[in-house]
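Visitor: Below is the structure I would like to discuss, written out as structure tokens.
The values are calculated or read from the model by the stated rules, or taken from the named source; none is laboratory data. Source: prediction; values computed, not measured. Cβ placement follows ideal geometry from the backbone for every residue including glycine, while neighbour counts extend to all protein chains displayed. Just the protein is used for accessible areas: all its heavy atoms, side chains included, with ligands, DNA and RNA removed. Shrake-Rupley method; radii C 1.70, N 1.55, O 1.52, S 1.80 Å.
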Amino acid sequence: MTDASGRPACRLRHGRPHVDWRAIARFAAPLMATNAIQALLNLTDTWFIGRLSTDALAAMGAIYWVMTCAILVLGGVGFAVQTFVAQAFGSRRRARASQAAWCGLWSALATWPVFLLLAWAGPSVLAPFHLTPAIERLALEYWEPRMWGAPLGLATWALTGFFTGVGATRTTFAVAGVTVIANVPANEYFMFGLDLGMAGAAWGTNAAQLAGLLLALAVLLSPGHRREFRAHLTWRPDFGQILRQLRIGLPVGVMYGADVLGVALFQLMIAQTGNSAAAATQVVIMLTSLAYLPAIGIASAGTTFVGQSIGAGDREWARHVGNAVIAICLGFMACMAMLILAGGRWLLPVFVPPIDAAAREAVAVGLLVLWPAAAYQAFDGLYFGSASALRGAGDTRVPAITALLLSWFFFVPLAHTLVFARGQGWIDGLPQAGLGALGGWLALMSYAMLLGLVMLARWRSGRWRALTLAPGS
């Protein structure tokens, strides 16, 4: 995977280093499969919840991105693990790499009180959005137990960040595989065996994530990792290292959280226009996850390769390999956009069986919004690839601020303007086009295009070259 100088994804040709595209593919393939499994997990949850009712799908749509935003922001330190591990691995400091993983685990444990508070505050979180009583009740049934179990996912991210940072992407894939396999019987048992409905879906996810976490811990403490990384000796909390990881990781969490919270508000706006539009939006988002989650897997390879290159002291190679991963993300997402358009007509009825008028309307709305959903996929590829390369370099603050500003001061107001008709909106004084779900997706398309171009410009500016992580990283 590396040449004699420590450059990852490199091969020599006529004595000069060139990007080894096959090495990138071999590294990224398990990560793509891992994230495709996550997409399958999301689709499985959507299918199980669809068995309850159309209202249950709409409730899931209303709560999903708010929940995801909370998890991403608090789990930012988990994202930093991969950066620190990759740079430590590239500089051949193996024990420092395992210490970063343990610091991520301690940070995940420390978030538990905050998640318990969020579980209790669920009604207050949803109150400003004026959901119908039935939708709000179902959303809260899912929210509370999911918040109780959220730190399990954060802990798993920390450990899979370690495995990915050292190049053990097959282990990352195995952890995801165990999680998704466990999710099916867990959902069936909690939702229908115990008759817990929406709450059962949350408990099923928690149980599946616990299974994945236990596997990841077992591998971290296996004899091989004890020998190479001294993983059994680096478990004690290092508060200085935790703070360093927080400085890198929290902006990443804020960046993804700002992005996701904007999408959460967009989805809540659409939920207010009708249950059919909300259900259609939730299913289309789950379908687009088949494109962007594998792309995030490719982009994660960029974080590792850039981080390892910088750890080895070769920033020029970091630029080369970062550019290569961005190009792969762009091409992959463009191809997936075509597949989404081609397969949407057959896939949508699978998740919203047209058994009544509301379901048939949801399918019709879904087919309409597939067009803007497909249109911005390539720009999402630019965003994921560029942001992940910047993360590998430790450049997270400016991208986070950029995403926050674009989400809150461009995307959310534009979505409000395009979704609501006159007299329906949350904020007085904004123009209101009344396009419903289509308007929301047009706003999301515009935001994704702009964000992708801005992140690419930040990477190509090369300002990340001047950044160095704190000593001991």
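Visitor: Can you tell me the accessible area per residue over the chain, all protein chains present, probe 1.4 angstrom, in square angstrom?
Guide: 39
Visitor: Shifting gears a bit: Quick one: check the C-alpha center-to-center distance for region 268-344 versus region 426-450, whole angstrom.
Guide: 22
Visitor: Treating only the Cβ atoms of Lys and Arg (+1) and Asp and Glu (-1) as charged, compute the dipole magnitude of the chain about its Cα centre; round to the nearest 20 debye.
Guide: For this selection, approximately 2140 debye.
Visitor: After finding the eigenvalues of the alpha carbon gyration tensor for region 89-180, what semi-axes result from the square roots of 5 times each, listed largest first in whole Å?
Guide: The answer is 36, 15, 9 Å, longest axis first.
Visitor: Further question: Per residue of the chain, what 222 nm ellipticity follows from adding -39500 (n - 2.57) for every DSSP H run with n ≥ 4, rounded to the nearest 500?
Guide: Rounded to the nearest 500, it is -27000 deg cm²/dmol.
Visitor: Could you tell me how many degrees, from 0 to 90 and to the nearest 10, lie between the Cα long axis of helix 197-220 and the main elongation axis, the longest principal axis, of the Cα atoms of the chain?
Guide: 10
Visitor: How big, on average over all directions, is the shadow cast by the Cα convex hull of region 299-406, in nm²?
Guide: Average of the hull's projected areas for region 299-406 equals 8.3 nm².
Visitor: What is the sum of charges, Lys and Arg at +1 and Asp and Glu at -1, for the other residues whose Cβ falls under 15 Å from the Cβ of A134?
Guide: -2
Visitor: Right, here's the next one. Over region 368-473, what lengths in whole Å, largest first, do the semi-axes of the equivalent ellipsoid take, defined as the square roots of 5 times the eigenvalues of the alpha-carbon gyration tensor?
Guide: 33, 16, 9
Visitor: Lys/Arg Cβ at +1, Asp/Glu Cβ at -1, dipole of the chain taken about the Cα centre: which of F79, L233, V252 is farthest positive-ward?
Guide: The one lying farthest along the dipole's positive direction is L233.
Visitor: Lys/Arg Cβ at +1, Asp/Glu Cβ at -1, dipole of the chain taken about the Cα centre: which of Q424, W441, P223 is farthest positive-ward?
Guide: Selected residue: P223.
Visitor: Follow-up. Pop the C-beta distance of L233 and A421 into the FRET formula with R0 = 51 Å and round what comes out to the nearest 0.05.
Guide: It comes out at approximately 0.20.
Visitor: Please report the carbon-and-sulfur percent of the accessible area for the chain; probe 1.4 Å, protein heavy atoms only, DNA, RNA and ligands left out.
Guide: Solvent-exposed carbon and sulfur of the chain make up 66 percent of the total.
Visitor: Could you work out Rg/(2.2 N^0.38 Å) for region 185-241, with Rg from alpha carbons only?
Guide: Cα Rg divided by the expected 2.2 N^0.38 Å: 1.69.
Visitor: What per residue convex hull volume, in Å³, comes out for region 151-279 when only alpha-carbon positions are used?
Guide: Measuring per residue, one finds 150 Å³ for the Cα hull of region 151-279.
Visitor: Order these peptides, 185-194, 392-401, by their mean beta-carbon neighbour count within 10 angstrom, highest first.
Guide: 392-401, 185-194
Visitor: On to the next question. Sort the following peptides by mean Cβ neighbour count (other Cβ atoms within 10 Å, averaged over residues), highest first: 16-28, 148-160, 321-333.
Guide: 148-160, 321-333, 16-28
Visitor: Using only Cα atoms, locate the centre of region 153-196 and the centre of region 61-96, then give the distance between them in Å, rounded to an integer.
Guide: Each part reduced to its Cα centre gives a spacing of 16 Å.
Visitor: In percent, how large is the relative contact order of the chain, given Cα pairs closer than 8 Å and 6 or more residues apart?
Guide: The value is 22 percent.
Visitor: So for region 171-225, averaging the separation of alpha carbon pairs under 8 Å that are six or more residues apart and normalising by length, what relative contact order in percent results?
Guide: Relative contact order, region 171-225: 38 percent.
Visitor: Suppose every Lys and Arg Cβ carries +1 and every Asp and Glu Cβ carries -1, with no other charges. What dipole size does region 296-437 come out with about its Cα centre, to the nearest 20 debye?
Guide: Once rounded to the nearest 20, the dipole reads 60 debye.
Visitor: Just want to confirm a number: the relative contact order over region 84-179, from Cα pairs under 8 angstrom separated by 6+ residues, in percent.
Guide: 38
Visitor: Placing +1 on the Cβ of each Lys and Arg and -1 on the Cβ of each Asp and Glu in region 41-178, which of L140, G177, G90 has its Cα farthest towards the positive end of the resulting dipole?
Guide: Positive-end residue among those listed: G90.
Visitor: Would you kindly give the portion of the calculated P(r) for the chain that falls above 38 Å, as a percent of all Cα pairs?
Guide: Value for the chain: 21 percent of Cα pairs lie more than 38 Å apart.
Visitor: Give the Cα extents of region 223-323 along the principal axes, in whole Å, largest first.
Guide: Projected onto the principal axes, the Cα atoms of region 223-323 cover 56, 36, 29 Å.
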